[in-house]
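Below: one structure, written as structure tokens.
The values are calculated or read from the model by the stated rules, or taken from the named source; none is laboratory data. Everything numeric in this text was worked out from a predicted model, so none of it was measured. Here the Cβ positions follow ideal geometry from the backbone for every residue, glycine too, while neighbour counts run over all protein chains shown.
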Amino acid sequence: MIRIPILMYHSIDDSPAPACVRPNSFVRQMAHLRRLGYETLHLDAVYHYMAEGVPISRKPIVITFDDGYQDNLQNAYPILKKYGFCATIFVVTDYLGLTNRWNARGGVVQRPLMSWAELREVAKEPLLSFQPHTCSHPRLTQIPFVKVKEELSKSKETLEDSLGSPCHHFAYPYGDFNEKVQDAVKETGYRTACSVLWGHNRRGNDLFSLFRIGVRNQDRLSDFKRILGEPPPLWKYYWLRFRARLSG
């Protein structure tokens, strides 16, 4: 059965912060995906495969970015474009053109988010899809339900009006959701929702709690290969067998 890894990035920057991935690491990761023959998909294709059985590549992968940092355009997009990879960027609509102020209390470094003008310009390119990540990045299980529905619907409507195209996909801020929030996401008209639960997606999985694989600053290329679930190279397989015989 086909499995679909969905990679989750935030900032692509030289900062040592855990949520950042350095551009040179991102280049190596994308080159590795190309070398192994992965084909990137938009979430529309994932939905049509998982819900309707529409055929997809035998080696699919989805690349996502949360929050809408400006460095996604400055640092990540040229690399994606080089390899012909598509990606989805989940944006916090009320903060576009500002910074990630929802994290200010935790001492998190403030990073600029892309502006509406930048978003509209690059949205013309087929490689990038922009989808809602709420208006203000709240923990959805910890706010009044009427506010939950407003965060879901307003961010969707604002983004659709600005880009002139429908938004069908959503990502839970902080990966925070419960059954009631999931129901609200469905009722708002989304087709899928991305969680931060680790795993690979297969047909039959819940479309409103899609698994994702978070990529961190400290991940080496060997870690990246491991989270993709790739087997070790043959030389390593035979070397491990040889060592096992020696120790046995």
Report, by residue number, each residue of the stretch 2-53 that is farther than 28 Å from Leu113 by Cβ and touching a Gly at 6+ places or on another chain (Cβ under 9 Å). Arg3, Arg34, Met50
Scan the stretch 177-187 and give yes if some residue there is acidic (Asp, Glu) and either modelled with pLDDT under 90 or in contact with a Phe, Trp or Tyr (Cβ under 8 Å, 6 or more places away or on another chain) (or both), otherwise no. no
Which numbered condition Ala76 misses (of (1) surrounded by 22 or more Cβ atoms within 10 Å (Cβ to Cβ); (2) of a type in the set (Gly, Ala, Ser); (3) within 20 Å of His168 (Cα to Cα)): (3)
Those residues of the stretch 19-39 which are among the charged types (D, E, K, R) and in a loop (DSSP other than H, G, I, E, B), in sequence order: Arg22
Residues located in the stretch 142-158, provided they are closer than 15 Å to Asp183 by Cα and within 21 Å of the chain's Cα centre (by Cα): Glu151, Leu152, Ser153
What number of residues within the stretch 175-195 satisfy the criterion of being outside any helix (DSSP H, G or I), on the phi < 0 side of the Ramachandran plot and either touching an Asp or Glu at 6+ places or on another chain (Cβ under 6 Å) or surrounded by fewer than 18 Cβ atoms within 10 Å (Cβ to Cβ) (or both)? 2
Expected single match for under 20 Å from Lys82 (Cα atoms), among the hydrophobic types (A, V, I, L, M, F, W, C) and crowded, with 16+ Cβ neighbours inside 10 Å among Leu43, Leu36, Leu7 is Leu7
Only one of Leu73, Leu80, Leu41, Leu96 is in contact with a Pro (Cβ under 8 Å, 6 or more places away or on another chain) and without any contact (Cβ under 8 Å) to a residue 60 or more places away in the chain. Can you tell me which? Leu41
State whether one or more residues within the stretch 226-246 are small (Gly, Ala, Ser), at positive phi and modelled with pLDDT of 55 or more. yes
Subset of the stretch 80-123 that is out of contact with any Ser or Thr (no Cβ under 8 Å at 6 or more places or on another chain) and of a type in the set (Ser, Thr, Tyr) - its residue that is farthest from Thr134 (Cα to Cα): Tyr83
Quick one: Pro16 ticks every box in (1) in contact with a Cys (Cβ under 9 Å, 6 or more places away or on another chain); (2) assigned to a loop (DSSP other than H, G, I, E, B) except a single one, so which number is it? (1)
Inspect the stretch 54-73 for any residue being within 15 Å of Pro126 (Cα to Cα), at pLDDT 95 or above, surrounded by fewer than 18 Cβ atoms within 10 Å (Cβ to Cβ) and of a type outside the set (Phe, Trp, Tyr) and give the result as yes or no. no
Do we find that Arg28 is among the basic types (Lys, Arg) and touching a residue at least 60 places away in the same chain (Cβ under 8 Å) in this structure? yes
Unique match (being buried (at least 19 other Cβ atoms within 10 Å of the Cβ), more than 24 Å from Ala31 (Cβ to Cβ) and at pLDDT below 95) among Arg111, Arg101: Arg111
Search the stretch 79-90 for residues being of a type in the set (Val, Ile, Thr) and touching a strand residue (DSSP E or B) at 6+ places or on another chain (Cβ under 6 Å), and hand back the single one that is surrounded by the most Cβ atoms within 10 Å (Cβ to Cβ). Ile89
